[in-house]
Amino acid sequence: MGKVIILLGPPGAGKGTQAKKISEKYGIPHVSTGDMLREAVRNKTELGLKAKAAMDSGKLVSDDIVLGIVKERLSRSDCKKGCMLDGFPRNVSQAESLKEILGERYNEVVALLVDVDENILIKRLTGRRNCLKCGAIYNIYFSPPKVENKCDKCGGELIQRDDDKEEVVKSRLEVYKESTLPLIEYYRNEGKLKIVDGSQEPNLVFEKVVQLLGL
Ligand code: AP5
Ligand code: MG
(Lines give C-alpha, C1' and ligand atoms only; values in the text may rest on other atoms or scores of the structure.)
(Ligands and ions follow the chains in the order given, each with its own letter.)
Protein backbone atom coordinates (compact mmCIF):
# COMPACT_ATOMS: atom_id res chain seq x y z
CA MET A 1 0.00 0.00 0.00
CA GLY A 2 1.49 3.36 -0.99
CA LYS A 3 1.65 6.59 0.92
CA VAL A 4 -1.28 8.95 1.28
CA ILE A 5 0.23 12.42 1.18
CA ILE A 6 -1.82 15.38 2.38
CA LEU A 7 -0.58 18.84 1.43
CA LEU A 8 -1.56 21.55 3.91
CA GLY A 9 -0.94 25.26 3.55
CA PRO A 10 -2.61 28.58 2.81
CA PRO A 11 -3.97 29.57 -0.60
CA GLY A 12 -0.99 30.29 -2.83
CA ALA A 13 1.52 28.32 -0.74
CA GLY A 14 2.38 26.20 -3.76
CA LYS A 15 0.41 23.05 -2.94
CA GLY A 16 -0.66 22.51 -6.55
CA THR A 17 2.85 23.24 -7.85
CA GLN A 18 4.45 20.70 -5.48
CA ALA A 19 1.61 18.18 -5.86
CA LYS A 20 2.18 18.00 -9.62
CA LYS A 21 5.90 17.33 -9.11
CA ILE A 22 5.29 14.68 -6.43
CA SER A 23 2.62 12.97 -8.50
CA GLU A 24 4.85 12.92 -11.62
CA LYS A 25 7.97 11.71 -9.86
CA TYR A 26 6.31 8.96 -7.83
CA GLY A 27 3.57 7.93 -10.23
CA ILE A 28 0.70 8.51 -7.80
CA PRO A 29 -2.51 10.36 -8.75
CA HIS A 30 -2.87 14.06 -7.94
CA VAL A 31 -6.23 14.41 -6.23
CA SER A 32 -7.11 18.11 -6.01
CA THR A 33 -10.58 18.92 -4.71
CA GLY A 34 -10.20 22.47 -6.04
CA ASP A 35 -9.41 21.22 -9.58
CA MET A 36 -12.27 18.69 -9.47
CA LEU A 37 -14.73 21.33 -8.26
CA ARG A 38 -13.59 23.85 -10.90
CA GLU A 39 -14.06 21.22 -13.59
CA ALA A 40 -17.60 20.54 -12.34
CA VAL A 41 -18.32 24.29 -12.42
CA ARG A 42 -16.98 24.58 -16.00
CA ASN A 43 -19.09 21.62 -17.11
CA LYS A 44 -22.15 23.04 -15.30
CA THR A 45 -22.91 19.70 -13.64
CA GLU A 46 -25.44 19.61 -10.79
CA LEU A 47 -22.60 19.41 -8.30
CA GLY A 48 -20.79 22.29 -10.02
CA LEU A 49 -23.86 24.51 -9.84
CA LYS A 50 -24.15 23.79 -6.10
CA ALA A 51 -20.47 24.55 -5.46
CA LYS A 52 -20.16 27.69 -7.58
CA ALA A 53 -21.45 30.37 -5.18
CA ALA A 54 -19.21 29.25 -2.31
CA MET A 55 -16.16 29.08 -4.57
CA ASP A 56 -16.81 32.50 -6.14
CA SER A 57 -16.89 34.12 -2.72
CA GLY A 58 -13.87 32.22 -1.37
CA LYS A 59 -15.89 30.17 1.15
CA LEU A 60 -15.66 26.42 1.64
CA VAL A 61 -17.97 24.18 -0.35
CA SER A 62 -20.15 22.02 1.95
CA ASP A 63 -18.54 18.93 3.48
CA ASP A 64 -21.08 16.52 1.96
CA ILE A 65 -20.36 17.66 -1.62
CA VAL A 66 -16.60 17.48 -1.10
CA LEU A 67 -16.72 14.12 0.70
CA GLY A 68 -18.82 12.69 -2.11
CA ILE A 69 -16.23 13.52 -4.75
CA VAL A 70 -13.28 12.46 -2.60
CA LYS A 71 -14.81 9.08 -1.72
CA GLU A 72 -15.53 8.35 -5.35
CA ARG A 73 -12.02 9.38 -6.43
CA LEU A 74 -10.23 7.39 -3.71
CA SER A 75 -12.19 4.25 -4.54
CA ARG A 76 -10.71 4.11 -8.06
CA SER A 77 -7.99 1.54 -8.62
CA ASP A 78 -5.18 4.02 -9.37
CA CYS A 79 -5.33 5.21 -5.74
CA LYS A 80 -4.34 1.77 -4.47
CA LYS A 81 -0.65 2.59 -4.99
CA GLY A 82 -1.03 5.83 -3.00
CA CYS A 83 -2.27 9.32 -3.68
CA MET A 84 -1.41 12.96 -3.43
CA LEU A 85 -4.24 14.89 -1.72
CA ASP A 86 -4.20 18.63 -2.49
CA GLY A 87 -6.76 20.92 -0.82
CA PHE A 88 -8.42 18.18 1.21
CA PRO A 89 -9.02 17.88 4.13
CA ARG A 90 -9.87 21.52 4.72
CA ASN A 91 -11.31 21.43 8.26
CA VAL A 92 -11.26 19.09 11.24
CA SER A 93 -14.54 17.44 10.30
CA GLN A 94 -13.16 16.52 6.83
CA ALA A 95 -10.00 15.19 8.51
CA GLU A 96 -12.11 12.93 10.74
CA SER A 97 -14.05 11.68 7.71
CA LEU A 98 -10.83 10.96 5.82
CA LYS A 99 -9.58 8.90 8.76
CA GLU A 100 -12.76 6.85 8.58
CA ILE A 101 -12.61 6.43 4.78
CA LEU A 102 -8.99 5.26 4.90
CA GLY A 103 -9.40 2.73 7.69
CA GLU A 104 -6.12 0.80 8.02
CA ARG A 105 -4.55 2.90 5.31
CA TYR A 106 -4.51 5.80 7.76
CA ASN A 107 -1.12 4.45 8.87
CA GLU A 108 0.28 5.55 5.51
CA VAL A 109 -0.74 9.20 5.93
CA VAL A 110 1.85 11.98 5.91
CA ALA A 111 0.60 15.57 6.30
CA LEU A 112 3.04 18.02 4.78
CA LEU A 113 2.61 21.71 5.56
CA VAL A 114 3.92 24.06 2.85
CA ASP A 115 4.74 27.01 5.05
CA VAL A 116 4.75 30.49 3.48
CA ASP A 117 4.53 33.93 5.00
CA GLU A 118 1.23 35.69 4.36
CA ASN A 119 2.73 38.80 2.73
CA ILE A 120 3.92 36.93 -0.36
CA LEU A 121 0.71 34.98 -0.89
CA ILE A 122 -1.30 37.81 -2.45
CA LYS A 123 1.21 38.36 -5.28
CA ARG A 124 1.42 34.64 -5.91
CA LEU A 125 -2.36 34.39 -6.19
CA THR A 126 -3.12 37.52 -8.20
CA GLY A 127 -0.24 36.69 -10.59
CA ARG A 128 -1.23 33.05 -11.10
CA ARG A 129 -2.30 31.75 -14.52
CA ASN A 130 -3.39 28.16 -15.23
CA CYS A 131 -3.40 26.24 -18.49
CA LEU A 132 -6.97 25.44 -19.47
CA LYS A 133 -5.84 22.29 -21.29
CA CYS A 134 -3.22 20.58 -19.06
CA GLY A 135 -3.54 22.45 -15.75
CA ALA A 136 0.11 23.64 -15.65
CA ILE A 137 0.61 26.52 -13.19
CA TYR A 138 2.42 29.80 -14.03
CA ASN A 139 2.91 33.15 -12.39
CA ILE A 140 3.25 36.38 -14.37
CA TYR A 141 5.67 37.76 -11.74
CA PHE A 142 7.71 34.69 -10.71
CA SER A 143 7.46 32.06 -13.44
CA PRO A 144 5.93 33.53 -16.61
CA PRO A 145 5.34 31.41 -19.72
CA LYS A 146 7.73 31.94 -22.66
CA VAL A 147 4.92 33.29 -24.84
CA GLU A 148 2.28 35.47 -23.18
CA ASN A 149 -0.90 33.53 -22.26
CA LYS A 150 0.33 30.30 -23.89
CA CYS A 151 1.32 27.12 -22.05
CA ASP A 152 5.01 26.13 -22.52
CA LYS A 153 4.09 22.46 -22.15
CA CYS A 154 1.07 22.02 -24.43
CA GLY A 155 0.37 25.36 -26.12
CA GLY A 156 -2.99 25.65 -24.33
CA GLU A 157 -4.56 28.97 -23.34
CA LEU A 158 -3.69 30.38 -19.91
CA ILE A 159 -6.51 31.74 -17.78
CA GLN A 160 -6.87 33.44 -14.43
CA ARG A 161 -9.01 31.72 -11.79
CA ASP A 162 -12.16 33.66 -10.85
CA ASP A 163 -11.23 33.44 -7.17
CA ASP A 164 -7.79 35.00 -7.71
CA LYS A 165 -9.17 38.55 -7.68
CA GLU A 166 -7.86 40.50 -4.72
CA GLU A 167 -11.17 40.76 -2.79
CA VAL A 168 -11.80 37.02 -3.03
CA VAL A 169 -8.18 36.23 -2.14
CA LYS A 170 -8.62 38.11 1.15
CA SER A 171 -11.73 36.12 2.01
CA ARG A 172 -9.94 32.82 1.17
CA LEU A 173 -7.09 33.74 3.54
CA GLU A 174 -9.61 34.43 6.34
CA VAL A 175 -11.36 31.12 5.73
CA TYR A 176 -7.98 29.36 5.82
CA LYS A 177 -7.16 30.84 9.22
CA GLU A 178 -10.51 29.99 10.67
CA SER A 179 -11.16 26.50 9.29
CA THR A 180 -7.94 24.97 7.96
CA LEU A 181 -5.20 26.24 10.28
CA PRO A 182 -6.42 23.99 13.16
CA LEU A 183 -5.43 21.00 11.01
CA ILE A 184 -1.77 21.75 11.71
CA GLU A 185 -2.29 20.98 15.40
CA TYR A 186 -4.57 18.09 14.51
CA TYR A 187 -1.90 16.30 12.44
CA ARG A 188 0.86 17.25 14.88
CA ASN A 189 -1.12 15.49 17.61
CA GLU A 190 -1.60 12.48 15.34
CA GLY A 191 2.21 12.34 14.90
CA LYS A 192 1.89 12.82 11.13
CA LEU A 193 3.00 16.41 10.54
CA LYS A 194 6.03 17.47 8.50
CA ILE A 195 6.83 21.06 7.56
CA VAL A 196 8.64 22.46 4.53
CA ASP A 197 9.62 26.09 3.95
CA GLY A 198 7.63 27.02 0.85
CA SER A 199 9.09 30.49 0.37
CA GLN A 200 12.02 29.34 -1.75
CA GLU A 201 12.04 28.67 -5.47
CA PRO A 202 9.77 25.70 -6.45
CA ASN A 203 12.59 23.28 -7.36
CA LEU A 204 14.37 23.93 -4.06
CA VAL A 205 11.12 23.40 -2.17
CA PHE A 206 10.69 20.12 -4.05
CA GLU A 207 14.20 18.91 -3.09
CA LYS A 208 13.28 19.40 0.57
CA VAL A 209 9.91 17.71 0.03
CA VAL A 210 11.61 14.61 -1.39
CA GLN A 211 13.98 14.48 1.60
CA LEU A 212 11.13 14.88 4.09
CA LEU A 213 8.87 12.30 2.49
CA GLY A 214 11.75 9.87 2.09
CA LEU A 215 10.09 8.56 -1.04
P1 AP5 B 1 -8.13 25.22 -4.02
O2 AP5 B 1 -8.10 25.07 -5.47
O3 AP5 B 1 -7.72 24.10 -3.16
O4 AP5 B 1 -7.35 26.54 -3.65
P5 AP5 B 1 -6.42 26.97 -2.39
O6 AP5 B 1 -6.28 26.05 -1.27
O7 AP5 B 1 -6.96 28.31 -2.07
O8 AP5 B 1 -5.03 26.94 -2.92
P9 AP5 B 1 -4.50 27.46 -4.29
O10 AP5 B 1 -4.80 26.49 -5.35
O11 AP5 B 1 -4.98 28.87 -4.50
O12 AP5 B 1 -2.95 27.58 -4.00
P13 AP5 B 1 -1.82 26.47 -4.10
O14 AP5 B 1 -1.26 26.29 -2.72
O15 AP5 B 1 -2.26 25.26 -4.84
O16 AP5 B 1 -0.72 27.24 -4.93
P17 AP5 B 1 -0.18 27.06 -6.45
O18 AP5 B 1 0.75 25.92 -6.52
O19 AP5 B 1 -1.28 27.15 -7.43
O20 AP5 B 1 -9.61 25.62 -3.57
C21 AP5 B 1 -10.38 26.56 -4.27
C22 AP5 B 1 -11.78 26.63 -3.70
O23 AP5 B 1 -12.43 25.35 -3.87
C24 AP5 B 1 -11.89 26.91 -2.20
O25 AP5 B 1 -11.89 28.30 -1.94
C26 AP5 B 1 -13.22 26.24 -1.87
O27 AP5 B 1 -14.30 27.04 -2.23
C28 AP5 B 1 -13.21 25.01 -2.75
N29 AP5 B 1 -12.63 23.81 -2.10
C30 AP5 B 1 -11.53 23.11 -2.51
N31 AP5 B 1 -11.29 22.07 -1.70
C32 AP5 B 1 -12.24 22.11 -0.74
C33 AP5 B 1 -12.52 21.32 0.41
N34 AP5 B 1 -11.75 20.25 0.75
N35 AP5 B 1 -13.58 21.65 1.18
C36 AP5 B 1 -14.37 22.69 0.88
N37 AP5 B 1 -14.17 23.50 -0.18
C38 AP5 B 1 -13.11 23.21 -0.99
O39 AP5 B 1 0.72 28.38 -6.54
C40 AP5 B 1 0.17 29.69 -6.47
C41 AP5 B 1 0.98 30.66 -7.34
O42 AP5 B 1 2.28 30.82 -6.79
C43 AP5 B 1 1.19 30.18 -8.78
O44 AP5 B 1 1.17 31.28 -9.65
C45 AP5 B 1 2.60 29.55 -8.75
O46 AP5 B 1 3.23 29.61 -10.00
C47 AP5 B 1 3.29 30.38 -7.68
N48 AP5 B 1 4.27 29.62 -6.89
C49 AP5 B 1 4.12 28.35 -6.40
N50 AP5 B 1 5.21 27.98 -5.70
C51 AP5 B 1 6.05 29.04 -5.74
C52 AP5 B 1 7.37 29.27 -5.20
N53 AP5 B 1 7.99 28.33 -4.47
N54 AP5 B 1 7.94 30.47 -5.43
C55 AP5 B 1 7.30 31.42 -6.18
N56 AP5 B 1 6.09 31.26 -6.72
C57 AP5 B 1 5.48 30.08 -6.50
MG1 MG C 1 -4.07 24.66 -5.79
- Query: In region 92-107, which residues are charged (D, E, K, R), over 24 Å from ARG172 (Cβ atoms) and open to solvent by 70 Å² or more (accessible area, probe 1.4 Å)?
  - Reply: LYS99, GLU100, GLU104
- Message: Can you pull out every residue in region 127-137 that is open to solvent by 30 Å² or more (accessible area, probe 1.4 Å) and in contact (Cβ under 8 Å) with a residue 40 or more places away in the chain?
- Response: ARG128, ILE137
- In region 138-164, which residue that is outside any helix (DSSP H, G or I) and open to solvent by 90 Å² or more (accessible area, probe 1.4 Å) is farthest from LYS52 (Cα to Cα)? LYS146
- Over region 176-215, the set of residues of a type in the set (A, V, I, L, M, F, W, C) and surrounded by fewer than 18 Cβ atoms within 10 Å (Cβ to Cβ) is LEU181, ILE184, ILE195, LEU204, VAL210, LEU212, LEU213, LEU215
- Message: One residue is enough: does region 108-117 have a residue meeting the conditions surrounded by 13 or more Cβ atoms within 10 Å (Cβ to Cβ) and part of a helix (DSSP H, G or I)?
- Response: yes
- Does ASP197 satisfy being within 12 Å of ligand 1 (Cβ to nearest atom), among the acidic types (Asp, Glu) and in contact with a helix residue (DSSP H, G or I) (Cβ under 6 Å, 6 or more places away or on another chain)? no
- Item | Residues being within 23 Å of LYS177 (Cβ to Cβ), surrounded by fewer than 16 Cβ atoms within 10 Å (Cβ to Cβ), of a type outside the set (A, V, I, L, M) and without any contact (Cβ under 8 Å) to a residue 60 or more places away in the chain - total across region 29-62 | 1
- So which residues in region 11-31 are within 18 Å of VAL116 (Cβ to Cβ) and not in a helix (DSSP H, G or I), if there are any at all? PRO11, GLY12, ALA13, GLY14
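The values are calculated or read from the model by the stated rules, or taken from the named source; none is laboratory data. What you are looking at is a predicted structure, and each value in this text was computed from that prediction instead of being measured. Using ideal geometry, Cβ is built from the backbone for each residue, glycine included, and neighbour counts are taken over all protein chains shown. Just so you know, the surface numbers come from the protein's heavy atoms only, side chains and all, with ligands and any DNA or RNA stripped out. Shrake-Rupley method; radii C 1.70, N 1.55, O 1.52, S 1.80 Å.
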